[in-house]
1. Give the residue, chosen from ALA124, ALA120, ALA146, ALA138, that is modelled with pLDDT of 95 or more, more than 23 Å from LEU97 (Cβ to Cβ) and in a helix (DSSP H, G or I).
2. Of all residues being part of a loop (DSSP other than H, G, I, E, B) and of a type in the set (Ser, Thr, Tyr) in the stretch 87-117, which is modelled with the highest pLDDT? Just the residue, please.
3. Name the residues in the stretch 23-52 that are surrounded by fewer than 10 Cβ atoms within 10 Å (Cβ to Cβ) and either assigned to a helix (DSSP H, G or I) or modelled with pLDDT under 80 (or both), would you?
4. Would you be able to tell me the number of residues in the stretch 172-192 that are more than 14 Å from SER118 (Cβ to Cβ) and in a helix (DSSP H, G or I)?
5. Go through ALA83, ALA73 for me and flag whichever is more than 30 Å from ALA33 (Cα to Cα), surrounded by 12 or more Cβ atoms within 10 Å (Cβ to Cβ) and touching a His at 6+ places or on another chain (Cβ under 6 Å).
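The values are calculated or read from the model by the stated rules, or taken from the named source; none is laboratory data. Treat the numbers as computed from the prediction; the structure is a model and nothing was measured. Note: ideal-geometry Cβ built from the backbone for every residue, glycine included; neighbour counts use all protein chains shown.
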Amino acid sequence: MPAAASIFPTVARVALGLALLAPIDRLDHEVQAAVQGARRPELEQTMRTASGTKQGTVVFAGLLAVAIVTGPAGPATARAAIAVLLPVNATVEVLKLAVNRARPDGERSRSNSSFPSSHAANAAALALVLGWRWRWIAAPLWLVAATVGFSRIYLNRHFLTDVLFGMAIGVGIGWWMLQWLRSRGWTWHRTT
């Protein structure tokens with residue numbers, strides 16, 4: 001009898017969790033259906049470019065360019081971006097393995113699951129770092145990050161919550177990491 005009594009609270013917690021997630025899951029599927037129904041040929045290339053399969057190569061090439069051509073603070077900026085991207089990606093990959101959510105297009109792969117969106121996490125983290133460094137381009141950077149996030153829904157690779165949580169991870173861990181770096185004396189400017 002004690003074993004059955006200990007199972008009840010666990011079953012109750014799981015049932016409560018599922019009941020709370022049902023409206024979110026319903027919203028995800030409604031947004032997915034609406035976006036898929038609104039797809040237009042003239043947007044396909046823009047969305048595919050925003051979700052480019054060579055994202056990592058483009059990011060690191062961009063950070064190399066930042067380090068080389070943006071003056072004395074360039075290398076520090078590129079290092080800060082990498083310092084932010086490492087824990088962001090580690091967190092995303094652990095969550096993907098733990099959650100193992102099937103993608104909206106039906107693909108199921110534990111190592112590449114739908115939740116959370118790494119594209120959205122990386123785009124938000126980079127918008128945060130580069131927008132903090134160069135405030136005058138912050139708005140366009142956030143527009144690019146939002147476009148990347150939307151492209152993942154548009155191309156039927158992620159649900160809305162995958163993208164929103166991915167962006168929250170990018171911003172949350174990015175902000176925390178920048179604060180941590182600053183608390184240890186890091187600055188945009190080169191010190192001698």
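1. The conditions single out ALA146.
2. Ranking the qualifying residues of the stretch 87-117, first place goes to SER117.
3. Within the stretch 23-52, PRO23, GLY37, PRO41, GLU42, GLN45 qualify.
4. Of the residues in that region, 10 qualify.
5. ALA73
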